[in-house]
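Notes to accompany the following structure.
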Amino acid sequence: MKIIAVKVIVCSPGRNFVTIKIETDEGIYGLGDATLNGREKSVATYIEEHISPCLIGRNPSNIEDIWQYLYRGAYWRRGPITMTAIAAVDCALWDIKGKKANMPVHELLGGSSRNGVLVYGHANGQDIPATVDAVGRYLDEGYLAVRAQSGIPGLEKVYGIGRGEKFYEPAETGLPIETLWSTPAYLDFAPKLFEAIRNTYGSKPHLLHDIHHRLTPIEAARLGKSFEQFNLFWMEDPVPAENQESLKLIRQHTTTPIAIGEVFNSIWDCEIILREQLCDYIRSTVVHAGGITHLRRIIDLASLSQIRTGCHGATDLSPVCMAAALQIDMWAPNFGIQEYMVHSPETNDVFPHQYKFEKGYLIPGNEPGIGADINEKLAKKYPYKPASLPVARLTDGTMWNW
Ligand code: KDG
Ligand code: MG
């Protein structure tokens with residue numbers, strides 16, 4: 001079997017996506033998501049200029065060798081652009097291998113370890129009552145786990161608050177919008193949100209919350225302590241983790257579980273965190289962490305410290321990534337939970353997929369490969385639109401982490 005073409009498809013059905021399609025001389029093709037929110041064209045160019053020419057004529061079965069070729073052969077290792085590009089190729093090659101073997105990818109990884117994939121939905125609202133209502137709607141739909149984010153009094157455009165009911169989409173057309181952040185206002189407010197949710201729905205639902213890299217370790221430690229009484233499933237990205245050891249301070253002070261890693265690109269970004277058990281859930285997923293081949297290594301290292309998976313699954317990760325993540329989720333012995341942010345109808349039309357939601361779980365199905373496709377003709381109707389993620393400033397104007 002030989003690779004005969006590598007296509008990069010950039011489209012915007014509701015939001016921007018980059019997809020790679022690797023075609024073979026046997027008529028089988030594979031798909032990989034290559035979307036890096038706000039940097040879509042950089043990855044597309046990297047693949048077109050530096051990867052596609054090297055793949056033509058290679059045997060797509062040699063997934064490991066091709067991964068090593070693209071990683072070691074780049075010389076400039078790691079980084080979000082390179083690792084997203086490698087991830088897309090890797091995912092497409094697993095898709096091809098599955099189709100050739102007539103098996104879903106989770107069968108090739110070692111078979112399924114569960115019947116379905118526990119997911120969490122995204123409830124958000126402008127204030128506490130609206131967020132409490134939104135949580136209730138997810139519970140009514142059968143979700144067992146819900147992430148809750150609320151607007152904070154006095155702060156405009158807080159992270160995680162959507163325009164629509166289900167699609168929270170932070171990227172805006174044009175240059176980055178500026179948002180405001182106040183740590184004191186947030187630390188005062190966040191526990192009140194979870195108090196209201198627990199008072200309304202009791203202790204059963206799993207509740208999650210994303211801090212989105214905004215705190216220092218001691219602030220996160222304090223928040224984690226005040227969350228303990230509400231028994232959160234996790235608090236996510238409490239601090240930016242360039243300094244992996246900074247999580248030690250948080251761990252010394254609180255038993256609220258920590259999830260981290262959606263922006264990590266490789267095992268080296270979380271090596272200390274995983275070895276020293278500094279988180280409870282690792283958030284890395286297929287598209288930004290080097291594909292199925294590399295994510296599997298991260299998950300195995302995590303398992304040594306009883307850390308479970310909680311793969312990123314926001315709307316900027318296409319259904320192709322979600323389908324691939326579900327294959328990993330079905331296999332991973334240390335699976336924890338999967339993020340599930342429902343895509344827009346336009347996105348779902350361009351990327352037909354077999355996974356479906358049932359009573360709090362996603363069921364990936366048994367189609368050969370990863371179980372997602374692209375309608376290229378329809379994709380052409382949604383041309384790329386430049387869009388950026390917001391930036392954040394403190395109330396005195398200082399740049400902060402968005
Ligand atoms: O592109 C950025 C989003 O994927 C990110 O802001 C979403 O933090 C996120 C999450 O947990 O889904
Ligand atoms: Mg997050």
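Here the Debye sum runs over all C-alpha atoms of region 154-212 as equal scatterers in vacuum, and log10 of I(q)/I(0) at q = 0.15, 0.23 Å⁻¹ comes out as -0.61, -1.15.
In the chain, the longest principal axis of the Cα atoms and the axis of helix 217-227 are about 70 degrees apart. For the listed peptides 224-236, 58-70, 25-37, a ranking on the average number of other beta carbons within 10 Å per residue, highest first, reads 25-37, 224-236, 58-70.
Dividing the alpha-carbon radius of gyration of region 41-148 by the rule-of-thumb value 2.2 N^0.38 Å gives 1.55.
Between the helical axis of 128-140 and the dominant principal axis of the chain, each derived from Cα atoms, what acute angle in degrees is found, rounded to the nearest 10? Once rounded, the angle reads 50 degrees.
Computed from the C-beta positions of E276 and K385, the FRET efficiency with R₀ = 51 Å rounds to 0.75.
Between amide H atoms placed 1.01 Å from N, distances below 5 Å from W400 occur with A392, R393, L394, all of them 5 or more places distant or on a separate chain. Between the helical axis of 183-201 and the longest alpha-carbon principal axis of the chain there is an angle of about 90 degrees. For the chain, what proportion of DSSP beta bridges, expressed in % and rounded to the nearest 5, is antiparallel? If we restrict to bridges inside the chain, about 45 percent are antiparallel.
Against the empirical 2.2 N^0.38 Å (N residues), the chain has a Cα radius of gyration ratio of 0.95. Measuring only protein heavy atoms, the 1.4 Å probe finds E178 accessible over about 110 Å². Using Cα centres only, tell me the gap between region 20-53 and region 200-231 in whole Å. So the two Cα centres are separated by 38 Å.
Treating each Cα of region 104-150 as an identical point scatterer and summing with the Debye formula, the log10 of I(q)/I(0) at q = 0.15, 0.18, 0.25 Å⁻¹ comes to -0.50, -0.59, -0.81. The fraction of all Cα pairs in region 295-402 landing in successive 10 Å bins from 0 to the largest distance is 12, 34, 28, 20, 6, 0, given as whole percents.
Per-residue Karplus couplings for region 368-379, computed as 6.51 cos²θ - 1.76 cosθ + 1.60 with θ equal to phi - 60°, are listed in order as x, x, 8, x, 9, 9, 10, 9, 5, 5, 5, 4 Hz, Gly and Pro entered as x.
Filter K99/K356; K157/K225; K248/K359; K7/K359 down to the pairs with a C-alpha to C-alpha distance above 31 Å, please. With Cα atoms farther than 31 Å apart: K248/K359; K7/K359. With θ taken as phi - 60° and the Karplus curve 6.51 cos²θ - 1.76 cosθ + 1.60 applied, the whole-hertz 3J(HN,Hα) list for region 281-297 is 9, 9, 8, 4, 9, 3, 5, 9, 10, x, x, 4, 4, 7, 4, 4, 5 Hz, x standing for glycine and proline.
Computed extension length for S305-D65: 83.5 nm, one decimal, from 0.36 nm per residue of separation with the Cα-Cα distance subtracted.
By accessible area, using a 1.4 Å probe on protein heavy atoms only, the chain has 51% of its surface on carbon and sulfur.
Taking all protein chains together, C91, C54 sort by accessible area into C54, C91, largest first [probe 1.4 Å]. For q = 0.20 Å⁻¹, what log10 I(q)/I(0) does region 208-278 give under the Debye formula with an equal point scatterer on each alpha carbon and no solvent? The Cα Debye sum returns log10 ratios of -0.75.
The values are calculated or read from the model by the stated rules, or taken from the named source; none is laboratory data. If you're wondering where the values come from, they're calculated on a predicted model, not measured in any experiment. Ideal geometry is used to build each Cβ from the backbone, glycine not excepted, and the neighbour counts take in all protein chains shown. Just so you know, the surface numbers come from the protein's heavy atoms only, side chains and all, with ligands and any DNA or RNA stripped out. Shrake-Rupley method; radii C 1.70, N 1.55, O 1.52, S 1.80 Å.
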